[in-house]
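The values are calculated or read from the model by the stated rules, or taken from the named source; none is laboratory data. Keep in mind that this is a model prediction, so the values were computed, not measured. No Cβ is skipped: glycine too gets one built from the backbone with ideal geometry, and neighbour counts run over all protein chains shown. With ligands, DNA and RNA removed, areas are computed over all heavy atoms of the protein, side chains included. Shrake-Rupley method; radii C 1.70, N 1.55, O 1.52, S 1.80 Å.
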Amino acid sequence: MHKYEKIWLTFGTSALVIFLVILGISAVHQGHSPAASGIETINPEHVRDDARFKEPGLYESDTDEYDYELYFVASAFQYEPREVEIPKGSRVRIHVTTPDVIHGFEIAQTNVNMMVEPGLISKYTANFNKEGEFLIICNEYCGVGHTDMTSLIKVTG
Ligand code: CUA
C-alpha cells in the first residue's frame with residue numbers, strides 16, 4: 001500500500017468514527033428531550049420577564065385552534081397556579097417551563113405527561129371532556145420537596 005493511500009484510509013476511517021460518535025450523541029440527546037408535542041426555548045433566568053409566565057394561569061386563546069392557553073411555572077417545589085378551573089369541553093394548549101431544575105408535569109388520569117427542563121417550554125394539547133378534579137404531579141425527582149409538588153385542575157360543567 002502506498003503511503004498516501006494509508007494516510008487517506010486513516011483519515012477516512014477517523015472521519016467515519018467521529019461522524020458515528022456525533023450521531024450517537026445527538027440520538028441520545030434527542031431521546032432525553034421532553035416528550036411534548038412542541039418545544040420552544042426560553043431563558044430560564046428570565047422566565048418571569050416573559051409576559052406569558054408573569055401571571056401563569058388560564059387565558060382565552062387568540063387562535064381558532066384552542067379555547068384556552070394554560071401557562072404553568074414549575075419550580076422547586078410548587079406549580080403556579082396552585083389550582084385552575086377549566087370549563088368542561090375545552091381544548092387547551094398547555095405551556096410549562098421552569099426557572100430552576102428538571103421537573104415533571106403529569107396530569108393524573110390523562111395522557112398529559114411531560115418533562116419540564118430549564119431553558120425550554122414544554123407544550124401539550126389536551127381536551128378536558130370529563131368533569132372532576134385532576135391532580136398535577138411532578139414525576140421527575142427534583143429535591144427534598146419533590147413529593148409535595150402538586151397542583152389541581154378542576155374541570156367544571
Ligand atoms: Cu418537581 Cu419533582
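When a 1.4 Å probe is rolled over the protein heavy atoms, the share of accessible surface on the stretch 53-109 that falls to carbon and sulfur comes to 39 percent.
Scoring 122-133, 4-15 by mean Cβ neighbours within 10 Å over their residues and listing the highest first yields 122-133, 4-15.
A 1.4 Å probe over all protein chains sorts VAL101, VAL144 by accessible area into VAL144, VAL101, starting with the largest.
Sort 85-91, 61-67 by the packing proxy (mean of other Cβ within 10 Å over each peptide's residues), most packed first. Present the calculation step by step, with values, prior to reporting the outcome.
Numbers: 85-91: 14.1, 61-67: 11.9.
The packing order, highest mean first, is 85-91, 61-67.
Backbone phi angles across the stretch 112-123, fed through the Karplus curve with coefficients 6.51, -1.76 and 1.60 (θ = phi - 60°), yield HN-Hα couplings of 6, 7, 9, 9, 10, 10, x, x, 10, 10, 8, 10 Hz in residue order; Gly and Pro are listed as x.
If a/c stays under 1.5 just call it rounded; otherwise compare a/b with b/c (prolate if a/b is bigger, oblate if not). Do that for the stretch 38-156, with a ≥ b ≥ c from the square roots of the Cα gyration tensor eigenvalues. Since a/c reaches 1.5 but b/c is at least a/b, the shape of the stretch 38-156 is classed as oblate. Straight Cα distances below 20 angstrom link LYS130 to the lysines LYS88, LYS154, with same-chain residues fewer than 8 positions distant left out. Computed from backbone phi, the HN-Hα couplings of the stretch 143-157 come to x, 4, x, 3, 6, 8, 7, 9, 8, 10, 10, 10, 9, 10, x Hz, rounded to whole numbers (Karplus: 6.51 cos²θ - 1.76 cosθ + 1.60, θ = phi - 60°; Gly and Pro given as x). In order along the stretch 39-54, the Karplus-derived 3J(HN,Hα) couplings, from 6.51 cos²θ - 1.76 cosθ + 1.60 at θ = phi - 60°, round to 9, 9, 8, 8, 6, x, 7, 10, 4, 6, 7, 7, 3, 5, 10, 5 Hz, and Gly and Pro are given as x.
So for MET149, MET115, what's the accessible-area order with a 1.4 Å probe, most first? List each step's numbers first, then the result.
Details: MET149 0, MET115 35 Å².
Heavy-atom accessible area, descending, gives MET115, MET149.
For GLU83, nonlocal amide neighbours, meaning residues 5 or more places apart or on other chains whose placed amide H falls under 5 Å from its own, are LEU152.
Averaged over its residues, the stretch 41-107 has an accessible area of 52 Å² per residue, based on protein heavy atoms and a 1.4 Å probe. Taking 7 Å steps out from each Cα toward its Cβ at VAL144 and GLU80 produces label points 2.2 nm apart. Amide H contacts of SER75 (H built 1.01 Å from N, in plane; Pro and chain starts excluded): GLU80 sit under 5 Å, all sequence-distant by 5 or more or on other chains.
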